[in-house]
Amino acid sequence: MHINSVSHKLLHYVDAQFPILYLNTFEETKVDKIIKDIAYGREIIEWNASKGLVNFLTKNRLLSDMNNLEQILGLLSMDDELKGRMLVIKDVHHFIGDPHVMSILKEIAIQIYNGLEATIILVSPILKIPTELEKYITIVEIDYMGENEIKKLIKDFIEINGFEEPSEELLDDLTVAFKGLTEYEIVNILSLAISKEGSLKKGDLDLIYDQKYQMVQKSGILEMVSLNETFGEIGGLENLKDWLSNKAKVFKNMNKALEFGVDIPKGVLVVGLPGCGKSLNAKATAHLFGIPLLRLDMGKLLGKYVGESEANMRKAIKLAEAISPCVLWIDELEKAFAGIGNSGNAEVATRLFGYFLTWMQEKNSPTFVVATANDTSNLPPELMRKGRFDEIFYVDLPDSVERKKIFEIHLTKRRKNDVALIDLNQLSKKTEGFSGADIEGVVKESIETAFVLGENQVTTKDIITSIENTTSLSVLFKDKLTALSEGYKNNHFKSASKR
Ligand code: ATP
């Protein structure tokens, strides 16, 4: 059980006199339970922003006239005040940046190194470690609850409250849906669901998804993307779509597939020219697999404190694994990993990359990675080696058949009745070098113009006018795009299109 394993680890650190432990978690209630478990007779005192210094177990104030952290730490650092005690500091991320707090913590840490029998436990949902304290702090992460634990929590909750037992199938669905939420959140949702209906129903899954959506947004690094796109809305990219459809079959019958000896699919890297459907494909994949899509924002991941970027990466991956089965979409992969070995943030990038590679290599959770990138020339070659991604595809500008299909898709979406009267072949012929996004732009513009001119339908001629007014991406960035395209081919990536 993970509570036990965290307690175990903590106890080991406390016994070995690690001076400062940083518990990085939202789950204060659980943390209180764990700390209580490992105290073994040591007195625990707590500092929190609302009450100042309190008795950890009763939360009664110990000092009525003072609650400033810096002053209290000053007091505690004198005369062996902390001897035999554990000091818990809650929501420390708000205070740890203060130079006085930082220096007293450092002083206490040194005292502990020199034999003072005490431990400081910092608790916060946000990891913030100033450089000065880096070598005194040990980070302890609290794992998310596993499926068995969640199931037990639901069953216990139902039993304790004397509610009606859900069917085995509903229990399984609820368990998977709850993955990634904290014990506190799960109990809250269960209480809410039951107070409304008196028992658990299939409809409660929506409540859970809603809560999960908020939880993911709050994490600040991952974003839960809503799934409105399907494969039917992607023109072309037939090879990629076929390949993904096969993976979906494995994903949807995971237990059977594993029994048969199939490996859990790891993921796919899709590189290609901008505006040609890479993002669209990530969204449609999650839709096809029937699982949530989590987008990892590489820009937000890079933090300014020591170890923050790596901690964020770990957090994002852990959260994705907790929520799995899911698709983890890593957009603009080159942003994080390009430039390894160059100046700037090269060290951080190298460490991040190492962590990501090891995870990809060893991953056995049903987290399917869809990574997308425009430019692969700066990406480290290790990334492209087999064993990391199951396959690498490149997406080129659409050919004439694909362009025709893309016109049809976007026109059908907006002007269904006009499509039969439009000469799609001619439009396709006139748009050599256009990307999918260029074509969508043309369709939108011609429809708007027809409306403004008071026409009652959109014609081939309207669209051709719009094509003539458009400078396609391939004209704007001709050399750059040719170089990218050559790069994909030289790397022997698979073509996403059947050509
Ligand atoms: P970028 O690298 O700039 O993020 P991308 O390859 O991810 O580009 P998308 O965001 O998927 O491109 O495409 C932009 C828009 O262009 C899509 O929302 C879609 O409407 C349209 N589009 C692009 N390619 C296609 C396609 N193959 N079929 C249908 N629509 C497409």
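Within region 347-418, what whole-number % of the accessible surface is contributed by carbon and sulfur, with the 1.4 Å probe and all protein chains included in the calculation? Using a 1.4 Å probe with all protein chains present, region 347-418 comes out at 48 percent carbon and sulfur. Measuring nothing but how far apart in sequence close Cα pairs (under 8 Å, 6+ apart) lie, relative to its length, region 147-276 scores a relative contact order of 16 percent.
Fully extended, how many nm does the chain gain between HIS100 and ASN239 (0.36 nm per residue separation, minus their Cα-Cα distance)?
Working: separation 139, 0.36 × 139 = 50.04 nm, distance 6.04 nm.
Difference between extended and current length: 44.0 nm.
Label region 3-141 by shape, choosing from rounded, prolate and oblate, from the square roots a ≥ b ≥ c of the eigenvalues of the Cα gyration tensor; if a/c is under 1.5 it is rounded, and otherwise prolate applies when a/b is larger than b/c, oblate when it is not. Taking the square roots of the gyration eigenvalues as a ≥ b ≥ c, region 3-141 is rounded. Pairing the Cα long axis of helix 278-289 with the longest principal axis of the chain, what angle in degrees results, from 0 to 90 and rounded to the nearest 10? On a 0 to 90 degree scale, this one is about 70. For region 231-395, averaging the sequence separation of C-alpha pairs within contact (under 8 Å, six or more residues apart) and dividing by the residue count gives a relative contact order of 34 percent.
A simple spin-label model places the labels of LYS413 and SER5 4.3 nm from each other, with each point 7 Å out along Cα-to-Cβ. Given a 1.4 Å probe and the protein chains as shown, LEU397 ends up with an accessible area of around 30 Å².
Taking the centroid of alpha carbons for each part, region 343-402 and region 454-474 are 37 Å apart.
For a modelled paramagnetic label at ASN68, 7 Å from Cα along Cα-to-Cβ, the residues of region 28-55 in reach, with backbone nitrogen under 15 Å, are 52-53.
Answer rounded, prolate or oblate for region 166-254, using the Cα gyration tensor with square roots of eigenvalues a ≥ b ≥ c: rounded when a/c is under 1.5, else prolate when a/b is larger than b/c, else oblate.
Note, shape of region 166-254 comes out prolate.
Would you mind getting the accessible area per residue of region 147-219, heavy atoms of the protein chains only, 1.4 Å probe, in Å²?
Working: 3990 Å² over 73 residues.
That works out to 55 Å² for each residue.
Our note on the geometry: Cα centres of region 91-168 and region 185-231, 25 Å apart.
Averaging the sequence gap over all C-alpha pairs within less than 8 Å and six or more residues apart, then dividing by the number of residues, gives the chain a relative contact order of 13 percent.
Inter-label distance, ASP37 to VAL187: 1.5 nm, where each label sits 7 Å from its Cα along the C-beta direction.
Cβ-Cβ distance of ALA16 and ASP206, R₀ of 60 Å, FRET efficiency by 1/(1 + (r/R0)^6): the value works out to about 0.80. The residues of region 269-419 have, on average, 38 Å² of accessible surface per residue, using a 1.4 Å probe with all protein chains present.
Please state the shape class of the chain: rounded when a/c is under 1.5, otherwise prolate if a/b exceeds b/c and oblate if not, all from the C-alpha gyration tensor. Working shown, then result.
Values: a/c = 2.40, a/b = 1.85, b/c = 1.30.
Judged from the Cα gyration tensor, the chain comes out prolate (a/c at least 1.5, a/b above b/c).
Counting only protein heavy atoms and a 1.4 Å probe, tell me what percentage of region 3-141's accessible area is made up of carbon and sulfur. Intermediate results must be reported in sequence, preceding the final value.
On the way: 3300 of 6530 Å².
Carbon with sulfur: 50 percent of the solvent-accessible area.
What does the helix-only formula give at 222 nm for the chain: each DSSP H stretch with n ≥ 4 adding -39500 (n - 2.57), the total divided by the residues, and the result rounded to the nearest 500 deg cm²/dmol?
Numbers: 21 runs with 245 residues, N = 499.
Result for the chain, helices only: -15000 deg cm²/dmol.
Annotation for ASP79 and LYS429: the two label points, set 7 Å from Cα along the Cα-Cβ direction, are 9.7 nm apart.
The values are calculated or read from the model by the stated rules, or taken from the named source; none is laboratory data. If you're wondering where the values come from, they're calculated on a predicted model, not measured in any experiment. No Cβ is skipped: glycine too gets one built from the backbone with ideal geometry, and neighbour counts run over all protein chains shown. The protein model used for the area step is the full one, side chains on, heavy atoms only, and it has no ligands, DNA or RNA in it. Shrake-Rupley method; radii C 1.70, N 1.55, O 1.52, S 1.80 Å.
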